[in-house]
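First up is the structure itself, then whatever we jot down about it.
None of the figures in this text is laboratory data; all of them are computed from the coordinates on show. Every value quoted in this text rests on a predicted model; they were computed, and no experiment measured them. Cβ placement follows ideal geometry from the backbone for every residue including glycine, while neighbour counts extend to all protein chains displayed.
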Amino acid sequence: MESVAKAKSKLPLDFITELNNTFNPRIVDKILSGMLEKRYTTLRVNSIKYNIEELKKYFDNIGIKYETVPWYDDALIILNSNESQIQSLEIYKNGFIYMQSLSSMLPPLVLEPKENEKVLDLTAAPGSKTTQMASLMNNKGCILANELDKIRCDKLRFNIKMQGATICEVQNGRGEEIGEKYPNEFDKVLLDTTCSGEGRFILQDEKSYKAWSTKEVEDLTKTQKDLFASAYKALKPGGEMVYSTCTLNKFENEEVLNWAFNQFNMEIVKIEIELKNTLKGIAKGYNNELKNAIRVLPTKEQEGFFVAKLIKK
């Protein structure tokens with residue numbers, strides 16, 4: 001296995017510098033340790049078509065070993081099969097399961113969409129969280145799933161159809177314009193925004209970090225603020241919104257939310273899900289409510305992630 005020292009030498013220097021500027025040495029080493037090895041295959045059952053007990057029986061019968069996830073009954077960690085092997089199974093081809101990282105499952109769970117609510121997924125492709133929310137809503141209500149990129153939008157439609165998530169309406173358009181188009185319309189909004197993807201870095205996979213740069217981070221924060229403004233406008237007063245990224249730096253996370261505090265009437269509420277390998281949001285130098293956000297550290301089981309839940313006053 002690669003070492004933390006090797007990670008420090010191979011990953012972008014500016015990325016390592018920013019980690020050291022933000023976190024103490026113990027946390028930096030923990031983050032880098034989580035980037036050394038390929039992660040386990042993880043999935044969730046599609047409760048619209050199947051259930052977790054039947055899935056466990058099926059895996060037991062064909063010799064697939066798994067672990068359950070303490071904070072999400074419908075998720076499993078696969079121990080002895082890779083993603084392509086799982087994708088060859090009929091239950092995958094029929095949309096009974098969905099391949100998804102554990103951290104990616106968090107934002108819908110934190111948002112807690114309910115039956116018959118009107119929900120916006122502002123940057124929805126490829127549909128992991130969209131279809132998960134449809135499952136959580138028992139396929140009752142309405143989800144507007146927006147995606148800018150045409151090719152990714154087609155993939156979103158395919159996944160929604162495969163999962164049988166009939167409450168989802170797909171829209172191909174700019175997320176920045178949704179707030180003006182649908183002001184104060186949605187009970188809940190998920191903004192799992194485009195980001196620099198630091199939480200997905202794997203040392204053995206150079207493609208996962210090769211394109212990263214400080215300029216990319218700076219450019220993305222502008223987009224994230226525009227998307228946040230649109231999401232906030234689309235949310236009903238008293239409605240709930242989740243802001244999430246699969247990145248670790250404070251610029252795309254706390255600084256975007258701190259900017260939002262100065263623009264909008266909102267509060268960030270505590271996330272009740274109990275998780276290991278997490279940090280509180282950084283409040284020092286920012287609004288104190290940011291401590292209610294969580295930063296998920298990368299491990300062999302999960303990607304690095306950032307999640308915050310807010311209420312529009």
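For the chain, the Cβ-based charge dipole about the Cα centre amounts to some 200 debye (Lys, Arg positive; Asp, Glu negative; other atoms uncharged).
May I ask you to sort S84, S33 by Cβ crowding, counting other Cβ atoms within 10 Å and putting the fewest first? List each step's numbers first, then the result.
Working: S84 9, S33 18.
In order of increasing Cβ crowding within 10 Å: S84, S33.
Using a cutoff of 8 angstrom between alpha carbon atoms and counting only pairs six or more residues apart, the relative contact order for the chain works out to 19 percent. When the Cα positions of L144, M133, F158 are compared along the charge dipole of region 97-175, F158 comes out farthest toward the positive end, with charges on each C-beta of Lys, Arg, Asp and Glu.
Among the listed pairs K150/K280; K210/K309; K114/K312; K207/K250; K49/K188, those whose Cα-Cα separation exceeds 28 Å are K150/K280; K210/K309.
Taking max minus min of the alpha-carbon positions on each principal axis, the chain gives extents of 52, 51, 35 Å, largest first. In plain terms, if you count all Cα to Cα distances in region 107-199 and split them into 10 Å steps from zero, the share in each step is 18, 53, 28, 2 percent. If you plug the beta carbon distance of A283 and E218 into 1/(1 + (r/R0)^6) with R0 = 22 Å, you get a FRET efficiency near 0.45.
The string of couplings for region 97-113 from the Karplus curve (6.51, -1.76, 1.60, θ = phi - 60°) is 9, 9, 6, 7, 5, 4, 4, 5, 7, 5, x, x, 5, 5, 5, 6, x Hz, one whole number per residue in order, with x for Gly and Pro. Within a straight-line Cα-Cα reach of under 19 Å, K38 can be paired with the following aspartates and glutamates, leaving aside sequence neighbours fewer than 8 residues apart in one chain: E2, D29, E67, E83, E198, D205, E206, E301, E303.
Pairs of Cα atoms under 8 Å, at least six residues apart: use those to get the relative contact order of region 163-237, whole percent. Don't skip to the answer; put the middle values down first.
On the way: 64 pairs, mean separation 41.6, N = 75.
Relative contact order of region 163-237: 55 percent.
Less than 5 angstrom separates the built amide H of T41 from those of I78, all sequence-distant by 5 or more or on a different chain. For K155, the lysines whose Cα falls under 16 Å of its own Cα, not counting residues fewer than eight places away in the same chain, are K93, K129. When L275, L297, L190 are arranged by Cβ crowding within 10 Å, least crowded first, meaning fewest neighbours, the order is L275, L297, L190.
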